[in-house]
Amino acid sequence: MANDNKDQREKRDTQAAPEATSEFKDQVIYVGRVTKVVKGGKNFSFSALVVVGDGNGRAGFGLGKALEVPSAIKKGIEAAKRNMVKIPVTANASLPHPVTGRFGSGSVLMKPAPQGTGIIAGAAVRAVMEAVGIQNVLTKSLGSSNPHNVVRATFAGLQELMDPYTVMTNRGIDQAEA
């Protein structure tokens, strides 16, 4: 009986549809090993912080937890796809204006840069900028160096960004005049 269930599981797993090439690119920022001490010994599990983006102004991040690293990464990718946000990007693949994102004790300063500058950033912020599709930016991570707080602060700052056309509309300025 147990053998039949195993055969059915293997059959189902091998017949799973091949994953279609996704329009999103994902990047693992951090994988942490978590140890829980219990009566019988130690239980190990893993957490993975993942950022997903289309490289065209949409990105999200997610945290996945599982007993194995690949499962944690997969859960993180699924969580990131559920938390996607739209971020305004200028024509030269930079930010519309300077912004500081804050989360917890971490803050990330982000400034637009001219064409050809590249991404001047630490590992966690760089992964987010690449996922969003920003190619010219100057950043500085201040305060916390914890990757979770840095990523959350980066997204907090990116969500504060305002598209220039939206600002003109809110101020009552005709876009043809500008």
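Data table
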{"quantity": "Pair list, Cβ under 6 Å, 6 or more apart: the range 151-169 residue basic (Lys, Arg), other residue open to solvent by 10 Å² or more (accessible area, probe 1.4 Å) and not in a helix (DSSP H, G or I)", "calculated": "152/103"}
{"quantity": "Residue count, the range 106-115 (criterion: closer than 16 Å to residue 159 by Cα and either open to solvent by 40 Å² or more (accessible area, probe 1.4 Å) or within 12 Å of the chain's Cα centre (by Cα) (or both))", "calculated": "3"}
{"quantity": "Residue in the range 46-67 that is among the hydroxyl-bearing types (Ser, Thr, Tyr) and either crowded, with 16+ Cβ neighbours inside 10 Å or under 22 Å from residue 157 (Cα atoms) (or both) present", "calculated": "yes"}
{"quantity": "Matching option when the condition is of a type in the set (Lys, Arg) and at pLDDT below 95, among 171, 152", "calculated": "171"}
{"quantity": "Looking only at the range 68-94, and only at residues there that are touching a strand residue (DSSP E or B) at 6+ places or on another chain (Cβ under 8 Å) and assigned to a loop (DSSP other than H, G, I, E, B), the one that is surrounded by the fewest Cβ atoms within 10 Å (Cβ to Cβ)", "calculated": "68"}
{"quantity": "Condition check for residue 171: within 11 Å of the chain's Cα centre (by Cα) and open to solvent by 90 Å² or more (accessible area, probe 1.4 Å)", "calculated": "no"}
{"quantity": "Conditions (1) surrounded by fewer than 18 Cβ atoms within 10 Å (Cβ to Cβ); (2) within 18 Å of residue 156 (Cβ to Cβ); number of the one not met by residue 118", "calculated": "(2)"}
{"quantity": "Odd one out for residue 103 among (1) touching a Lys or Arg at 6+ places or on another chain (Cβ under 7 Å); (2) open to solvent by less than 40 Å² (accessible area, probe 1.4 Å)", "calculated": "(2)"}
{"quantity": "Any hit, the range 136-149, residues being touching a Leu at 6+ places or on another chain (Cβ under 8 Å), open to solvent by less than 80 Å² (accessible area, probe 1.4 Å) and touching a residue at least 60 places away in the same chain (Cβ under 8 Å)", "calculated": "yes"}
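The values are calculated or read from the model by the stated rules, or taken from the named source; none is laboratory data. What you are looking at is a predicted structure, and each value in this text was computed from that prediction instead of being measured. As a convention, Cβ positions derive from the backbone with ideal geometry for all residues, glycine included, and neighbour counts pool all protein chains shown. When the accessible area is computed, the model is the full protein with side chains, heavy atoms only, and any ligands, DNA or RNA have been set aside. Shrake-Rupley method; radii C 1.70, N 1.55, O 1.52, S 1.80 Å.
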